[in-house]
C-alpha cells in the first residue's frame with residue numbers, strides 16, 4: 001500500500017463489473033451525487049420502476065486483503081478512457097479523498113490477461129497498517145504470516161470459482177518501435193500510432209487490426225507480432241512517407257486487362273488509406289455517397305459487378321467508353337417494361353424524343369434483320385412471278401432478269417449480323 005495525505009493505492013481483484021443498469025444502486029434524489037446529472041429530471045428506470053444511479057456505469061465490486069471501512073465499490077478513474085475489466089483481473093485501487101477509483105494493472109505477456117499472481121502475492125505480504133479496532137495479537141500475527149486480513153475485509157465469492165476469466169496464451173503483443181503508442185484489446189485487436197514503423201523514420205502511420213493472423217496465433221509465448229494486412233482478420237492502415245503497405249493482390253485472380261496502369265505493390269508508398277477484410281460494407285444512410293479520385297479509379301473483382309438504382313444511371317466521359325466481354329459470352333442491353341433504347345449521337349434523356357419518327361427526323365427506328373430478310377425474300381419472289389401485258393399477250397420476266405433476282409435472293413442472309421441482336425419490342 002502506498003499512502004499519502006489524500007491518496008492511497010493497493011491491488012485488488014475484480015469480483016463484478018457493473019455494466020447493466022439493473023445492477024446499479026437505486027437513485028437517491030437527495031444525495032449530493034445527483035449534481036452529476038446537471039439537474040436532469042429524467043432518470044433511467046429498471047423493470048420494477050426503480051430509478052437507477054447510472055453514475056455506477058463501469059464501477060466494480062472488488063476484493064482485497066487490505067482492510068477497508070467502506071462499501072467496496074470502485075469507479076473508473078477516467079470514464080472517457082477506459083478498459084472495462086473482467087471478473088478475476090487485478091486492478092489498482094486508488095483511494096482519493098475517501099473515494100475509491102480503479103486503474104488497469106498488467107505485468108503478463110498476455111494482452112487478454114490482466115492479472116499477475118506473483119506481484120499480487122507480494123502485495124499481500126506488505127505491511128498492513130489497518131486491521132481493525134478490535135484486532136488481537138493473533139490476528140496481527142496471522143496477517144503478517146499470510147497477508148490475509150481477518151477483520152473488516154468484505155466477504156466476496158472467489159472470482160476464480162466462477163470460471164469467468166481465463167488466460168489465452170495464443171494472443172501475442174505487438175512488436176513496438178521507438179515512440180509507438182499501442183492500444184491493445186484482449187483478442188488481437190490493436191491500434192498502433194507510430195512514426196518509425198519498420199524503421200521508416202518520420203513516416204507517421206495509424207494501423208488498426210481486428211483479430212490476429214493464424215500464423216501469429218501459432219507462435220510461441222513471448223513472440224512479438226506485427227500487423228499482417230493479408231492475414232489478420234480486418235485491417236485499416238493510414239500510412240505515409242516510405243512505409244510500404246505489403247498488401248498482396250494475388251488473391252484476386254482476375255487479370256487486369258482494363259487497368260493496365262495499376263501500381264505494383266512496391267510502389268504503394270506515400271499518404272495512403274488501406275482497408276482489408278473478408279467483407280466490406282459502406283453505407284450512406286440518408287445522404288450522398290461520394291467517391292472522388294484525382295488519378296485512375298477501378299474495380300477489380302473475381303465475382304459479379306452490379307449496380308441497382310431506383311433512379312437514372314448516367315455515365316459521362318471526355319474520351320472513349322469501352323465495354324468488353326473477353327470470352328464467348330452474351331452482351332445484354334434491355335429495357336424490361338417496354339421502354340425505348342436509343343443508340344447514336346449524344347441524346348439528353350430530358351429532350352423531346354420523337355414517339356412516331358418520320359424519314360426526316362434525326363432520330364429514327366432501327367430495323368429487325370430477320371424480318372427485313374423475310375420481307376425482301378417475299379418481294380423478290382413476287383417479282384419473279386410477275387406477268388406483263390403486251391400486244392402479243394401476257395409475258396413473264398426474261399431469263400436474264402430471273403438469274404439476277406435469284407442471285408440477289410441468295411445473298412439476303414449476308415445482311416444479318418452474327419453477333420448483334422435486337423428485340424422486337
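The values are calculated or read from the model by the stated rules, or taken from the named source; none is laboratory data. Everything quoted here is computed from the prediction, not taken from an experiment. Because the Cβ atoms are built from the backbone with ideal geometry, glycine has one as well, and the counts that use them run over all protein chains shown.
Taking the options 243, 252, name whichever one is more than 23 Å from residue 292 (Cβ to Cβ) and touching a strand residue (DSSP E or B) at 6+ places or on another chain (Cβ under 9 Å).
None of the other options fit; the residue is 243.
Looking at 182, 191, 221, can you tell me which residue is out of contact with any strand residue (DSSP E or B) (no Cβ under 8 Å at 6 or more places or on another chain) and farther than 30 Å from residue 303 by Cβ?
221
Give me the pairs, please: first residue somewhere in segment 269-286 and in the same structural domain as residue 233 (by TED's automatic domain parsing) and on the phi > 0 side of the Ramachandran plot, second residue anywhere and in a loop (DSSP other than H, G, I, E, B) and surrounded by 11 or more Cβ atoms within 10 Å (Cβ to Cβ), beta-carbon distance under 9 Å, and either six or more positions apart or on two chains.
270/240; 270/241; 270/242; 270/243
Pairs only if they're at least six apart or on different chains, beta carbon under 7 angstrom, first in segment 1-22 and closer than 22 Å to residue 97 by Cα, second surrounded by fewer than 16 Cβ atoms within 10 Å (Cβ to Cβ) and at pLDDT below 80; list them, first residue then second.
1/126; 8/2; 9/2
Read through the list (1) modelled with pLDDT of 85 or more; (2) part of a loop (DSSP other than H, G, I, E, B), then give the number of the only condition that residue 371 fails.
(2)
Which members of segment 395-423 meet the condition of being surrounded by fewer than 10 Cβ atoms within 10 Å (Cβ to Cβ), closer than 15 Å to residue 375 by Cα and in contact with a helix residue (DSSP H, G or I) (Cβ under 8 Å, 6 or more places away or on another chain)?
Those that are surrounded by fewer than 10 Cβ atoms within 10 Å (Cβ to Cβ), closer than 15 Å to residue 375 by Cα and in contact with a helix residue (DSSP H, G or I) (Cβ under 8 Å, 6 or more places away or on another chain): none in segment 395-423.
Of all residues in segment 374-394, count the ones that are in a loop (DSSP other than H, G, I, E, B) and surrounded by fewer than 10 Cβ atoms within 10 Å (Cβ to Cβ).
Of the residues in segment 374-394, 3 are in a loop (DSSP other than H, G, I, E, B) and surrounded by fewer than 10 Cβ atoms within 10 Å (Cβ to Cβ).
Any residue that is in a loop (DSSP other than H, G, I, E, B), closer than 27 Å to residue 309 by Cβ and touching a strand residue (DSSP E or B) at 6+ places or on another chain (Cβ under 8 Å) - is there at least one of those in segment 259-280?
Looking through segment 259-280, at least one residue is in a loop (DSSP other than H, G, I, E, B), closer than 27 Å to residue 309 by Cβ and touching a strand residue (DSSP E or B) at 6+ places or on another chain (Cβ under 8 Å).
May I ask you to verify whether residue 241 is surrounded by 15 or more Cβ atoms within 10 Å (Cβ to Cβ), over 19 Å from the mean Cα position of the chain (by Cα) and touching a residue at least 12 places away in the same chain (Cβ under 8 Å)?
yes
Determine whether segment 52-66 contains at least one residue that is touching a strand residue (DSSP E or B) at 6+ places or on another chain (Cβ under 6 Å) and at pLDDT below 70.
Yes: one or more hits.
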